[in-house]
Amino acid sequence: MPGEQQQFFLTLQLVTYASKVIPLLLKYQPPGCILLQVNNKMLTPQQLAYFASYQYSAVDTNPLSVYVMQHLWNKVVQVVPLWIAPNVLTFSGFLIILVNYILISCYDWDYAASGIGNQHIPNWIWISAALGNFLAYALDSIDGKHARRTQSSSPLGELFDHGLDSWTASIFPLSLFSVFGCDSGKAGLTPMKMYLVTSVVLFTFMLSHWEKYNTGVLFLPWAYDISQLSMTFVYILTAIVGVETFHKPLFPHVYMTDFLITFLVGCSLLVALPHTVYNILIAYRQKTLLKSSVYEGLLPLFSPSLLFILLTAWTIFSPCNILNRQPRLFLWMVGILFSNVTCRVIICQMSNTRSEVFHWLLWPLALVVGLAVSGCLGTLEELTFFVITAFATTAHIHYGVCVGKQLSKHFHIYVFSLRKRYAA
């Protein structure tokens, strides 16, 4: 009873505190906050003005892409009817990945289905995942080609493509983790390893757009084509031989999960990061850098770094061990928050405007993490986690829809149609 009374008084204090803080947040809301943006205008006039003169610049040096896959995509895109809008292809690929993720989640919510002695995911799910993954990979590879083919390329299309990519970058590993699970002994992945692997994947994705923020050129990462084909192969192999195969070591004391982690971390730290730094140094020597100082160049990394620090603190110091209790939902929240931060960096990079120092979504997250790790939330920690996850997901979708509508109106085009819209 004393514990329940203490929890009641803590809850009462939280409510009293919130009643005082929320009005202040509404009065001094950070830039970009959606709480009072009833006009749904997320982009500033300065950003819209720069969008009108934006030119896409990208470099692809991946031998697999240049000499193999691009030839395949050039043939595939010819099959697409000319009346289909490129964004339809982009969004269809995203929906396929999302549906596959939902299907896998229905059979393996807590990442335990692949464990020894548990009811495994049906083979048809893995076949569906393999086909869906490759189809989404194809659609993401031909949408830009189809845009040039239909003469409908626009900054809206690029932002739509890269914005959805920032979201799917987290969904890919979240689906793949179900192959190994977290209940397979040495062959499995602990929730903490899943979190760290996801963070590495998202960090690698962020590097490409941070690089473009500084150089104006998107150097397409080599890991993308390799990872897409590898995931498709793993899903097919799982459907054929079953998840039990991954319970056995590839070599003495070396499992498939060890290989996966080594490959991801190696690609990020030994390939992606050095390559990014090298390209920025080349731009600096050639005096083509877009940013005038180190501070300006590093601005896009502040919010993602703080986001990682806050989430890591929550995983380590959570009184209820929130990552182990809700691994799938926690990793979903990680992907949502990362995607929203990255989308804002992409917008600043495309509009040649200054990146924000502190993303407003980090304010409520910092408050929740602080209350959680200090023990103030008590038994309400998990419920509060559900609320912040739902809030972040809703805010991200709201932000994407509003930005799409604003750019659609600005350029007098439709998002999912090739017809021109009349100026308002």
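The values are calculated or read from the model by the stated rules, or taken from the named source; none is laboratory data. Computed from a predicted model, the values in this text were never measured in an experiment. Note that we place each Cβ from the backbone using ideal geometry, even for glycine, and neighbour counts take in every protein chain shown. For accessibility, only protein heavy atoms count, side chains too; no ligands or nucleic acids. Shrake-Rupley method; radii C 1.70, N 1.55, O 1.52, S 1.80 Å.
Here are the numbers:
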| item | result |
| --- | --- |
| Residue tally, condition in contact (Cβ under 8 Å) with a residue 60 or more places away in the chain, loosely packed, with under 12 Cβ neighbours inside 10 Å and among the hydroxyl-bearing types (Ser, Thr, Tyr), over the range 57-91 | 2 |
| Residue under evaluation PHE338, criteria (1) hydrophobic (A, V, I, L, M, F, W, C); (2) at pLDDT 95 or above; (3) over 15 Å from the mean Cα position of the chain (by Cα), criterion not met | (3) |
| Test result for ALA366, over 29 Å from ILE84 (Cα atoms) and surrounded by 17 or more Cβ atoms within 10 Å (Cβ to Cβ) | no |
| Which numbered condition VAL345 fails, given (1) crowded, with 17+ Cβ neighbours inside 10 Å; (2) over 19 Å from the mean Cα position of the chain (by Cα) | (2) |
| Residues that are part of a helix (DSSP H, G or I) and surrounded by 15 or more Cβ atoms within 10 Å (Cβ to Cβ), drawn from the range 285-297 | GLU296, GLY297 |
| Single condition PHE172 does not satisfy, out of (1) open to solvent by 20 Å² or more (accessible area, probe 1.4 Å); (2) at pLDDT below 85; (3) outside any loop (DSSP other than H, G, I, E, B) | (2) |
| Answer from ILE322, ILE336 - the residue that is within 19 Å of THR394 (Cβ to Cβ) and either of a type outside the set (Lys, Arg) or open to solvent by 10 Å² or more (accessible area, probe 1.4 Å) (or both) | ILE336 |
| Whichever residue in the range 233-244 is farther than 30 Å from HIS209 by Cα and touching a Phe, Trp or Tyr at 6+ places or on another chain (Cβ under 7 Å) and, among such residues, is most open to solvent (accessible area, probe 1.4 Å) | ALA239 |
| Count - residues of the range 125-151 that are without any contact (Cβ under 8 Å) to a residue 24 or more places away in the chain and surrounded by fewer than 16 Cβ atoms within 10 Å (Cβ to Cβ) | 3 |
| Filtered residue count, the range 371-424, keeping only those that are farther than 23 Å from TRP167 by Cβ, in a loop (DSSP other than H, G, I, E, B) and open to solvent by 30 Å² or more (accessible area, probe 1.4 Å) | 10 |
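Per-residue answers, yes or no, for (1) assigned to a helix (DSSP H, G or I); (2) open to solvent by less than 80 Å² (accessible area, probe 1.4 Å); (3) closer than 29 Å to THR393 by Cβ; (4) at pLDDT 65 or above:
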| position | (1), (2), (3), (4) |
| --- | --- |
| GLN6 | yes, no, no, no |
| GLN29 | no, yes, yes, no |
| LEU35 | no, no, yes, no |
| LEU43 | no, yes, yes, yes |
| GLY93 | yes, yes, yes, yes |
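For (1) open to solvent by 50 Å² or more (accessible area, probe 1.4 Å); (2) within 28 Å of ILE125 (Cα to Cα); (3) assigned to a helix (DSSP H, G or I), each residue gets a yes or a no:
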position: LEU196; (1), (2), (3): yes, yes, yes
position: SER199; (1), (2), (3): no, yes, yes
position: LEU207; (1), (2), (3): no, no, yes
position: ASN214; (1), (2), (3): no, no, yes
position: LEU229; (1), (2), (3): yes, yes, yes
position: PHE246; (1), (2), (3): no, yes, yes
position: CYS267; (1), (2), (3): no, no, yes
position: VAL271; (1), (2), (3): yes, no, yes
position: ILE280; (1), (2), (3): no, no, yes
